[in-house]
Amino acid sequence: MRSRVSSTHLFKIVFFVVFVLLVNVGYVISFWIQPVVKPFLPLFFANLLGGPRLTAENFQAYIGLIPLISLSSFLLADFLEFSRFFRKKNLDIISSSIKYSLIQAMFTTTAAYFFIYTRAFPRSVILLSIPVIFVLIAIWSGVGLTFSRRIYETGKLAVIGGSEAEIEAVHAQIRSSLQELDLDLADHVVYDDRQAMRSMIRDYDEVLICPGVPDQAKSSIILYCARMNTVAYLVPQFYEITLYESRLINFNDLLVFMLDRLGLTFEQRLVKRLFDIVVSVLALILASPALLISAILIKISSKGPVIYKQERVTLENKSYFIYKLRTMPIDAEKKTGPVISGKNDPRVTPIGRFLRRSKLDEVPQFFNVLKGDMSVVGPRSERPVFVEQFQKEIPAYAQRFAVKAGITGLAQIAGSYDTSPEDKLRYDLLYIKNYSILEDIKIVFQTARAIFTPKLYRKTFQENAETYCPNAAEGAENDPPAESK
């Protein structure tokens, strides 16, 4: 990749200087807006923001902390890699900005407690600084991302695959996301043509290795990329996902990765359960008017119950009945049997299409969460007939049942309803491996954003029927009728 080195170095210096300046500006703005905002807040939040008005002593406390705030701003921005714009997306900026504003607020609170002996730094300003600083640094990082794309040339991505057919399929799958990453497809080669493959790695700065490349060949390709200083993108297999953020253990002078058990600890399960209950109660309260209107429209538009029950699989392969708003006629799968939905699905009613697009059909699942069958965030629950099929076809598919099924998940915000089971599994296993309550919160916010994006299906109903429809016509959406109550 050719770049104007002096320009990039100068840009990063300017970026950090302005970044630190904006953090301090965020605190000044918070001092300024506190008297304006406080009268409009409910009594509880107004009391939380502290005393009746700010004084010169309060602002002087901030002045005394400027050196520490500035130093922490620089170090934290560097730690969260704000200045590393290489192949970064807008969503990455939002995520980093949320983390930064929260951590910076905690640091300022701690610094004020230990270093400002009069305890004059108002907690109201610290609380208000969280959204203010988030907005400022997110905008500045967005400007930095735009400017960095002018400094660097558009990347040329070469693809190494197991076969021509696989390369063609990967091209079709990744093409829509290349523009956001500032990449163009350049060349491709099948891995067993060693001479052409090495020549391509030397000619291009970035290479994507497809999942069909055997492990032995994959290892030699990565080593050669490292030797040629070429960036490699790898579609991970199950064992490679388990290596993600693994602990390093030394057996004397032998360095090893510890691949811990896949699943949640007792403490994580407890925190996750509390999170599930709180989010579910709030969601059901907020969505109750929309649920009522949806129920009326479903009843008017087609015969059958408003809510249907369908058997699904959750933690430890246990079966349960999921609740959803009905989006199909009661005999929708009488002829086809169970089929994964897709574009132009003839079984979906007009009201059902709206419910699916707005995700309102998923809201009754919060009752499943309150019952303990599901979590708000987790691998998407699947029907037993498909689980049986996928477990036969996909190694490690059973590992996704190490946690409860979720209403939403990493696979849902990254893909679509009909993303392939293999790709969904990669996201599910990564979520389980990397679980944290902050990750759940992040996924919930990203799910809210995904509601307003147009992507729902990538394949047509007919394509999914041909690919995933088992021979046995069982487990239909509302068949047997006992499930439709």
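The values are calculated or read from the model by the stated rules, or taken from the named source; none is laboratory data. Every value quoted in this text rests on a predicted model; they were computed, and no experiment measured them. Virtual Cβ from ideal backbone geometry, glycine too; neighbours counted across all protein chains shown.
At a glance:
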{"item": "Residue within the stretch 180-190 that is at pLDDT 90 or above, surrounded by 15 or more Cβ atoms within 10 Å (Cβ to Cβ), more than 26 Å from ARG150 (Cα to Cα) and touching an Asp or Glu at 6+ places or on another chain (Cβ under 9 Å) present", "result": "yes"}
{"item": "Some residue of the stretch 269-279 being in a strand (DSSP E or B) and closer than 28 Å to LYS433 by Cβ", "result": "no"}
{"item": "Residues that are within 12 Å of the chain's Cα centre (by Cα) and not in a helix (DSSP H, G or I), drawn from the stretch 414-433", "result": "GLY415"}
{"item": "Of all residues making up the stretch 211-247, the number that are within 26 Å of the chain's Cα centre (by Cα) and either aliphatic (A, V, I, L, M) or surrounded by 11 or more Cβ atoms within 10 Å (Cβ to Cβ) (or both)", "result": "17"}
{"item": "Qualifying residue in the stretch 53-68 (condition: part of a loop (DSSP other than H, G, I, E, B), modelled with pLDDT under 80 and hydroxyl-bearing (Ser, Thr, Tyr))", "result": "yes"}
{"item": "Condition check for LEU208: of a type in the set (A, V, I, L, M), touching a residue at least 60 places away in the same chain (Cβ under 8 Å) and surrounded by 14 or more Cβ atoms within 10 Å (Cβ to Cβ)", "result": "no"}
{"item": "Which numbered condition ILE221 misses (of (1) more than 24 Å from HIS171 (Cα to Cα); (2) assigned to a helix (DSSP H, G or I); (3) touching a helix residue (DSSP H, G or I) at 6+ places or on another chain (Cβ under 8 Å))", "result": "(1)"}
{"item": "Unmet requirement for ALA396, which otherwise passes all of (1) within 17 Å of the chain's Cα centre (by Cα); (2) of a type in the set (Gly, Ala, Ser); (3) within 14 Å of GLU316 (Cα to Cα)", "result": "(1)"}
{"item": "Of all residues making up the stretch 295-312, the number that are among the hydroxyl-bearing types (Ser, Thr, Tyr) and within 28 Å of the chain's Cα centre (by Cα)", "result": "0"}
{"item": "The lone exception for MET200 - which of (1) out of contact with any Asp or Glu (no Cβ under 6 Å at 6 or more places or on another chain); (2) farther than 26 Å from SER420 by Cα it fails", "result": "(1)"}
{"item": "Condition met for SER163 (assigned by TED's automatic domain parsing to the domain that holds PRO214, of a type in the set (Ser, Thr, Tyr) and over 27 Å from the mean Cα position of the chain (by Cα))", "result": "yes"}
